[in-house]
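Just below is one structure, and these are the notes that go with it.
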Amino acid sequence: MTDLIQIKGVTHAYRTPNGPLPVLDDLNINVPEGEFAAVVGPSGCGKSTLTRLVAGLMKPDSGEVWLHGKRVTSPRKTVGMAFQNPVMLEWRTILQNVILPLEIVAPSMPRKDRVARAEELLALVGLSGFEDKRPSELSGGMRQRASLCRAIVHKPDVLIMDEPFGALDAFTREDLWQTMHELRAKEPFTAVLITHDLRESVYLGDQVFVLSGRPATTQYVMNVDYPGEGLRKLDGLYTPEAAQMLATLREQIQIAQGRQPGPEVH
Amino acid sequence: MTDLIQIKGVTHAYRTPNGPLPVLDDLNINVPEGEFAAVVGPSGCGKSTLTRLVAGLMKPDSGEVWLHGKRVTSPRKTVGMAFQNPVMLEWRTILQNVILPLEIVAPSMPRKDRVARAEELLALVGLSGFEDKRPSELSGGMRQRASLCRAIVHKPDVLIMDEPFGALDAFTREDLWQTMHELRAKEPFTAVLITHDLRESVYLGDQVFVLSGRPATTQYVMNVDYPGEGLRKLDGLYTPEAAQMLATLREQIQIAQGRQPGPEVH
Amino acid sequence: TVAGTAHAQTDMPFALDWKFEGPAAPYFLALDNGLFADQELTVEISEGAGSLDAIPKVATGAYPVGFADINSLMRFLDQNPGAPVTAIMMIYDKPPFAVVGRKSLGVETPADLAGKVLGAPPPDGAWAQFPIFAAENDLSMEDITVEPVGFPTREPMLAEGQVASVTGFSFSSTLNLKRLGVEEDDISVLLMADHGVELYGNAIIVNTDFAGENPEAVTGFLTAIAGGWKAAMEDPEAAIEALIERNPAANAELEKERLQMAIDDNVYTDFVAENGLGGIDDDRMTAAIEQTKSVYEFQNEPDASLYFSSEYLPDADARMLK
Amino acid sequence: MERFQKVAVPIAAILIFVALWEALVWVNGWPDYVMASPSDLPAAYSRFWELFLTGSWQTLWRTVAGLTLAVVAGTGLGMIMGFSRIARDGLYPLLVGFNAVPKATLVPVLALLFIGQHDFNTVMMAFLISFFPIAVSVGIGLSTLEPEYRDILRSLGASKVTIFRKIALPKTLPEFFGALKVSVTLAFIGTNLVEIISPHGRGLGALFLSGQTNSNYPLMFAVLIALAVLGIILYYAVVALEKIFAGWAERPGG
Amino acid sequence: MERFQKVAVPIAAILIFVALWEALVWVNGWPDYVMASPSDLPAAYSRFWELFLTGSWQTLWRTVAGLTLAVVAGTGLGMIMGFSRIARDGLYPLLVGFNAVPKATLVPVLALLFIGQHDFNTVMMAFLISFFPIAVSVGIGLSTLEPEYRDILRSLGASKVTIFRKIALPKTLPEFFGALKVSVTLAFIGTNLVEIISPHGRGLGALFLSGQTNSNYPLMFAVLIALAVLGIILYYAVVALEKIFAGWAERPGG
Ligand SMILES: Nc1ncnc2c1ncn2[C@@H]1O[C@H](COP(=O)(O)OP(=O)(O)OP(=O)(O)O)[C@@H](O)[C@H]1O
Ligand SMILES: Nc1ncnc2c1ncn2[C@@H]1O[C@H](COP(=O)(O)OP(=O)(O)OP(=O)(O)O)[C@@H](O)[C@H]1O
Ligand SMILES: [Mg+2]
Ligand SMILES: [Mg+2]
C-alpha cells in the first residue's frame, strides 16, 4: 500500500520584490493512511507554506504532492483544514461558521443533521451555549476551537491543522488532544499537524517530522513509539521513553535553528 | 509607595442579545512599579477583557483601574499593548508598522532615530532582513514578534501583553523570554502578561495571578521567588523550587476549570 | 393599408416639436372634433423636445408626420442629404423669432440694442437668426454685448434687469415675462419677421417614403390640420379645453393667451388670409435661403424643392381660416 | 431610547433643513423664480395632489425596475471584473468612458432607437445610469478580498461562484449597500431625465415640465421635493434590507 | 509581459468596442441622425480639432476643480458620518434626498443665484454631483472599520483624526478609489450639464450644442466620444494615484 499523503521532493520559493525567498527545499514526507504526522520546526521555516501545498491552495515550484494516489493540482473536497489564523466569517454565527463546509461538500444533507453534527462537535470542544454568538463575541481560544470544528465537520479523509491549539491553555489543550484521539478512533482520518509544542507532537503524532530552518527540508524523522497500550494516555508523556523522545526532538530543533545543541535540561 | 497598576474590584459583563454575559467579577490585581504580573486562566475566562480595561479601551461596569495614581478613563500614551491577535497594518512594511506608535507618541522624533530604534528591536526578535516586507509575507510567528516590537518601540511605562508568544516554537519563545528580561533591565517598565504557558508565567512573572473560570475573579496569587541571583536564567525553571511553583499553578488552574486537582505528573 | 380596403384606417402618429402648450391646442381640437377620423386617420399626438427632436423622429419613419422649424429642417437635410423628410405645410408663416426687450431698459426699436446687453441662449432658434436681423437693421454685432444665458434663466434675467433684451420666441418669452411680473406695457417685442427677416417658421413635415405610399392620407391629414386651426380661431376656449385634458397642470388663461399670440403674430398673416394656410411664396423662400447663407455654411448647394413640397396641400378653400 | 433617536434625528435634521431654506429665501428676499420657499409648497401639493400621487407611482416603479436591473447586471459585471484581471483591465476603461458621457445626451438616441417604448426607455435609462457604482463596488470587494477568507472555501474545492456567494458577497455587503445608496439616487435621476428630456407625459418629470411651461415655480420646486422624498423612501427601503442582510457589519461606538 | 498586458488589454477592448459599434450601425443601416458610426468621426475631429482641444481643456479643468472640492468635502462629510452615529442618522436622508433631485433641474437655480459666474457654477455643479459617492464610501469605511485595527492606535490615546489618517484612510483607500472612479464620471456629467443646459459657450458641451443646432450628428457623437476619452484619461490618473497609495490592496490571482 502506498502512503495516503506523499510529499515528494517539494521545493518552493516566494517571489518577493527583492528576489525569490526559498522556503521549502526538497521536502519529503509520507503519511500512511490513518496515521498522524506531526511537523515541528522553527518559526518562519515554512510550515504553513507546507500546509497550503498539501491542501492544493498553492502549487510547488518543483516536486509533487500526492493524496490518495492522485497528484494534487487543486483543492479537494475531502480535505479539512484548520488555518493558523482562525478566521471566522463575521456575518455568521458560530454554528453557521461550523456548518459552512457541509454547505459546500454535502449540499443535500438536511439542515437538521448539519446542525446536529455541528452542535456535537462544538460540545466536544467546550463551546456548548455559544452556538448563536458572533465570532467577535468569542475569545481568541474559543475562536480557535470553533475553527477546529469547522475543519472536521465534514468528516474529511485528510485533516491539515496549522497550530490548532496555539491559543489554548495547557488543560484545554490536553483535553483536545484526547478528543483528537477519540475522534480518530471513531472516524479514521489521516492528518498533518503543524505544532510548536513538542509534547503535542509526541502525544498526537505517529511520526514527527523536524524541519530545518528556512529553506525547510526534512531534517529528522521520528517514529513515535508511544508508551502504553490502546488509546494513548496523557500519563504516557511523563514516562522515560517519552522524555527521551522529547529530548531528541529538542536537540533536533536546536540544530534546525542553527545552534549548538545545548545541555538537556527538561 | 502605592502600586503602579491597581485593579480595584473590577466587574464587567458583555451585553449580548440574550442577556448580559458576566466576564469579570470583583477582580483585584496590584502591580508595583517595575514589576511583572503574569496572568493565567482558562480559555475564555476574561483575560483579554482585562487587558482592554487596563489599557483604557473599555470602561468596567463597576470597580476602578488606576495607573500611576490616576484613574484610567481613556487610553494613555505611555502604555504599550501587544494584542492577542497580532493585527498588522497591511499597507505598511514591517518597519513602518513597528514605527507607528512613535508617530503618535513622539511626532517630533527624527525619522532616522525612529528607524534605528525599530531596527534594533526587530533584530532583537530575529527579524533582521524583514524590515521592508509586507505583513502578508511573514509567517504567523514572525508577525507576532513584529507585533511585540510595536508594543515596546515607544518605551512605554506600562506594557500589556496578551499571549505574545503563543505562535512561537519553544526555542524562539525562550529566547524572547530572555530578551524581555534584558529589556526590563535596560528600560524598566511595569508589565501585565497574559499567558497560557505556566513556565512562561513563572519565568517572567514577579507575581502570578490565577483567574477563575468565567466570570473571572482573582482565585490565587503567587509571589514568584525565582531560584538564582541576578538576571533570571532558564536553568532556574528546572530546579525543584520552580517545579513546586508549577505544580501549585497547575493545581490552581485545574480548580479554575472546575475540575478536581489531578495527580501531579509534570 | 390592406389591399382592397380603400377605407381602412391609417395610423398617423404626429410628433410635435415641443410640449403641450397653447399653440398645440388646434391639433387636439382637430382630434376631439373628429377631423382626423373624418379623413380615416388614427392620430396620436406626442410631445417633443425641440425641432431637432421631431425631425429625426420623422426622418426615421417612426412618425410619418411631425411639426418642426423649417430652418432646422434645411440644416438637417444639408447635413444628412437624402434623408426622407420634407416640409409640406407652412404653419408659422411668420416665424416667432423675436428680440424681446424692456422699454424701461431702453429697448423699443432694433437700433436701441446697440450698446446694451443682449441675453441669448446659444442653441436658441431665434439667436441663430439674429445675425440676419442685425444685418437687415444695420446693427453692428460689435456694438452689442451678448451674454450667453440658459433657457431657464433667460426671462428671469430680463425680469431682474441683468440684460436689456433677450432673443426668443415671441409667445414664449413675452408670456414668461408677464408671469414673472413684468408689466405688459414695459415689454417690447421685436418680431424679426417685421424687421427684414424673410425666413419661414414651423411647418408640418412628413416622411417622404410614407407620403409617396399614402398621398391621400397625407392630404387628408393636412385638411384636418387646417380645420383644427380654423376651429381654434373660432373658439379658442374649446381648443384650450382640449389641451388642458392632455396637460392638466397647465394654466388655461396663459395658454389661451399664448395661442392667441401665435394666431395673431405667426399664423394668420396677410398672406394666409389671402391664400389660405400652408402654402409658401417661392420668392420669399429663395430670399430666406439667401439670408440663411449668412448664418450657416451649406455643405451642399441649397435647393428649395428639397425643403418644401406643396403637392400634398389640399385645395385652397379647405385651407382658408376665415 | 435608541429607537427613538433613530427616528427623531432624521426628522429633526429635515426640519432644520426646511427652516434654514425658508430663512434663506426670506432673508435674501428671493422671488419664486429664483428659489421657491417651503411655505409656497403646500399650495402646490394640495392643488395637484392627485397628479403627485400618480406621477410618484409612475416614477417610482420605473426607478425600482431600473434599479433591480442595475443590481443584477452590476453584480454580474462586478463579479467578472473582480475575478478576472483581464476583464478588469479591459472593461473598466469602457465603463468609465460610457459613464463620463452625460446621459442627458443619450436620451434622444435611446428614444430614437426604441420609439414610443416609453416604459422601456425609462427603465433602461435608470438602469444605465445606476449600474456602475454597484459594479465598481462588487468588483473592488472581490479583488481586495482578504485571501484568508477566500482560502476557507478554496480549500474545500468550492467554485468561484460559491466563494462569491458564501464569502465575497456577504463580506462586501456593507460596501455593496453603500453603492446601492448611491445607485438609488442615480436611478431616480435616470428616470427623470427621460421624463423631462424625452417627455411622454408620465411621472413626476412630466409634472415638472408642466410647472416649467407655466412658469409655476412653486410647482417645480414641489416636484423636486417630491423626488427627494421618494429618494429618501427608497433609501430607507435599502437601509431596511441592509439591517437584515448586513447588520453584523455595523460597529458599536463612534 | 504583465506590463504589455496592462496596456494591450484596454486597447484591445476599446478596439473591439469600436468595431462592434461600426458593425451595429452598418448592419442596421442607421443614418447619422439615429446613430453616427466611428468612421464618421475622424472627419469631425480633423475639421474642428482646435475647438476640441480648447473645449476639452475647459471641460477638464472645471471637472478636476469640482472633483478636488468633492474629494475634500466628501472626505470631511464621510468622516463626520463615519464617526458619529447621530450625524449619520441625520445627514444621510438629507444627502440622499438631495442626490435624488435631478441635477439638471438645479442648473437653472444655480445659474440664477450666481448669474454670470460661469466658472463658479460649473465647478460647483461638478462638485455637487460628485461628492456623494466619496462621502458614502468614507463613511462606510469608517463605520465598518474592524475594531482590531482601530484599537492599535486607540490604545496609544491617538485622536480620532489621527486614527482616521493612519488607519481608516489607508485601510479604506481601495473603496475610496472605487468611489473616486464613480465620482470622476459624475463630475464630468456635472460640468457638461451646465455647459449644455446653461450654456456659456465654453467647453465640450458648447461644441455639442453647436453640433445640435446645425444638425451635425457626427459632430455630436464626436463630442460624446471626446468626453468618454477625457473620462478615461482622468480614470487612468486616478488609477495611477491608486497604484501609488493603495497598491498593497490588490490581491494576486484571479
Ligand atoms: N465583544 C464581545 N461581546 C460579547 N462577548 C464577548 C466579547 N468579547 C468577549 N466576549 C466573551 O467574554 C468572555 C471572555 O473573553 P476574553 O476574550 O476576555 O477571554 P480570554 O480569557 O482572553 O480567553 P482566551 O484565552 O481564549 O483568549 C468569552 O466568553 C467571550 O465569549
Ligand atoms: N505570501 C508570502 N509572500 C512572501 N513570503 C512569504 C509569504 N508567506 C510566507 N512567506 C515567507 O515564507 C517563510 C515561511 O513562512 P511560513 O508561514 O510557511 O512559516 P511557518 O513555518 O508557518 O512559521 P510560523 O511558525 O511562524 O507560523 C517566512 O519567512 C515568510 O516570510
Ligand atoms: Mg505558520
Ligand atoms: Mg484572550
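The values are calculated or read from the model by the stated rules, or taken from the named source; none is laboratory data. In this text the structure is predicted, and so the values were computed from the model without any measurement. Cβ: placed from backbone, ideal geometry, glycine included. Neighbour counts: every protein chain shown.
Summary table
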| quantity | calculated |
| --- | --- |
| Residue check for A:Glu241: within 30 Å of A:Pro22 (Cβ to Cβ) and either over 17 Å from the mean Cα position of the chain (by Cα) or within 14 Å of chain B (Cβ to nearest Cβ) (or both) | no |
| Top-ranked residue in region B:87-103 [being closer than 21 Å to B:Thr190 by Cα and either more than 7 Å from chain E (Cβ to nearest Cβ) or aliphatic (A, V, I, L, M) (or both); ranked as farthest from ligand 4 (Cβ to nearest atom)] | B:Leu102 |
| Subset of region A:56-102 (residues that are part of a loop (DSSP other than H, G, I, E, B), within 16 Å of ligand 3 (Cβ to nearest atom) and not polar (S, T, N, Q)) | A:Leu57, A:Met58, A:Phe83, A:Pro86, A:Val87 |
| Filter result for the condition that a residue is among the β-branched types (Val, Ile, Thr), part of a helix (DSSP H, G or I) and within 18 Å of the chain's Cα centre (by Cα), over C:Ile88, C:Ile55 | C:Ile55 |
| Helices (runs of 4 or more DSSP H) wholly inside region C:221-316 that include at least 3 residues being touching a residue at least 40 places away in the same chain (Cβ under 8 Å) and touching a Lys or Arg at 6+ places or on another chain (Cβ under 9 Å) | C:236-246, C:270-275 |
| Subset tally (residues that are touching an Asp or Glu at 6+ places or on another chain (Cβ under 7 Å) and farther than 20 Å from C:Leu243 by Cβ) for region C:54-65 | 1 |
| Odd one out for B:Asp235 among (1) farther than 27 Å from B:Ile7 by Cβ; (2) exposed (fewer than 14 other Cβ atoms within 10 Å of the Cβ); (3) in contact with an Asp or Glu (Cβ under 8 Å, 6 or more places away or on another chain) | (3) |
| Residues of region B:100-131 classified as within 20 Å of B:Asp175 (Cα to Cα), of a type outside the set (D, E, K, R) and within 22 Å of the chain's Cα centre (by Cα), total | 8 |
| Tally, over region A:30-52, of residues that are more than 11 Å from ligand 2 (Cβ to nearest atom) and within 14 Å of chain B (Cβ to nearest Cβ) | 1 |
| From B:Met142, B:Met161, residue being among the aliphatic types (A, V, I, L, M), under 14 Å from the mean Cα position of the chain (by Cα) and within 21 Å of A:Asp197 (Cα to Cα) | B:Met161 |
| Tabulated pairs, region E:69-95, first among the aromatic types (Phe, Trp, Tyr), second surrounded by fewer than 22 Cβ atoms within 10 Å (Cβ to Cβ) and not in a helix (DSSP H, G or I), C-beta under 7 angstrom, 6+ apart or interchain | E:Phe83/D:Gly254 |
| Residue within region D:55-62 that is buried (at least 17 other Cβ atoms within 10 Å of the Cβ) and within 9 Å of chain E (Cβ to nearest Cβ) present | no |
| Boolean, C:Val107 is closer than 14 Å to C:Val189 by Cα and either of a type outside the set (Gly, Ala, Ser) or not in a loop (DSSP other than H, G, I, E, B) (or both) | yes |
| Per-region count, region C:180-220, residues in a helix (DSSP H, G or I) and farther than 30 Å from C:Pro152 by Cβ | 12 |
| Residue that is farthest from E:Tyr217 (Cα to Cα), among those in region C:28-52 that are part of a helix (DSSP H, G or I) and among the acidic types (Asp, Glu) | C:Asp38 |
| B:Pro164 vs. criteria touching a strand residue (DSSP E or B) at 6+ places or on another chain (Cβ under 9 Å) and either under 30 Å from A:Thr51 (Cβ atoms) or among the β-branched types (Val, Ile, Thr) (or both) | yes |
| Test for B:Pro22: is it in contact (Cβ under 8 Å) with a residue 40 or more places away in the chain, within 14 Å of chain A (Cβ to nearest Cβ) and within 16 Å of ligand 3 (Cβ to nearest atom) | no |
| Filter pass, D:Val136 being buried (at least 19 other Cβ atoms within 10 Å of the Cβ), in contact (Cβ under 8 Å) with a residue 40 or more places away in the chain, facing chain E (nearest Cβ under 7 Å) and part of a helix (DSSP H, G or I) | yes |
| Search result, residues across region A:166-199 that are more than 16 Å from ligand 3 (Cβ to nearest atom) and within 28 Å of B:Met142 (Cβ to Cβ) | A:Leu168, A:Asp169, A:Ala170, A:Thr172, A:Arg173, A:Glu174, A:Leu176, A:Trp177, A:Met180, A:Ala191, A:Leu198, A:Arg199 |
| Elements of type strands (runs of 3 or more DSSP E) in region B:146-241, at least 3 residues being over 29 Å from B:Leu122 (Cβ atoms) and at pLDDT below 90 | B:218-223 |
| Odd one out for C:Asp138, checked against (1) crowded, with 24+ Cβ neighbours inside 10 Å; (2) outside any helix (DSSP H, G or I) | (1) |
| Which listed residue is within 14 Å of chain B (Cβ to nearest Cβ), in contact (Cβ under 8 Å) with a residue 60 or more places away in the chain and away from ligand 3 (no atom under 16 Å from the Cβ), from A:Val202, A:Val158, A:Val210 | A:Val202 |
| Criterion (within 16 Å of ligand 2 (Cβ to nearest atom) and closer than 22 Å to B:Gln254 by Cα) met by exactly one of A:Phe165, A:Phe171 | A:Phe165 |
| Residues being within 15 Å of the chain's Cα centre (by Cα) and either of a type outside the set (A, V, I, L, M, F, W, C) or assigned to a helix (DSSP H, G or I) (or both) - total across region A:30-55 | 13 |
| Of the criteria (1) under 12 Å from the mean Cα position of the chain (by Cα); (2) small (Gly, Ala, Ser); (3) buried (at least 24 other Cβ atoms within 10 Å of the Cβ), which one C:Ala120 fails | (1) |
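Residue by residue, here is whether (1) in contact with a strand residue (DSSP E or B) (Cβ under 8 Å, 6 or more places away or on another chain); (2) charged (D, E, K, R); (3) within 16 Å of ligand 1 (Cβ to nearest atom); (4) more than 12 Å from every other protein chain (Cβ to nearest Cβ) holds:
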site	(1), (2), (3), (4)
A:Asn28	yes, no, no, yes
A:Arg71	yes, yes, no, yes
A:Lys77	no, yes, no, no
A:Asn85	no, no, yes, no
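Per-residue answers, yes or no, for (1) surrounded by fewer than 18 Cβ atoms within 10 Å (Cβ to Cβ); (2) without any contact (Cβ under 8 Å) to a residue 24 or more places away in the chain; (3) among the hydroxyl-bearing types (Ser, Thr, Tyr):
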{"site": "C:Asp143", "(1), (2), (3)": "yes, no, no"}
{"site": "C:Leu158", "(1), (2), (3)": "no, no, no"}
{"site": "C:Val163", "(1), (2), (3)": "no, no, no"}
{"site": "C:Thr174", "(1), (2), (3)": "no, no, yes"}
{"site": "C:Leu177", "(1), (2), (3)": "no, no, no"}
{"site": "C:Asp185", "(1), (2), (3)": "yes, no, no"}
{"site": "C:Leu190", "(1), (2), (3)": "no, no, no"}
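For every residue, the table says whether it meets (1) hydrophobic (A, V, I, L, M, F, W, C); (2) over 10 Å from B:Val10 (Cβ atoms).
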position	(1), (2)
B:Pro20	no, yes
B:Asp25	no, no
B:Phe36	yes, yes
B:Gly44	no, yes
B:Leu53	yes, no
B:Pro60	no, no
B:Gly63	no, no
B:Lys70	no, yes
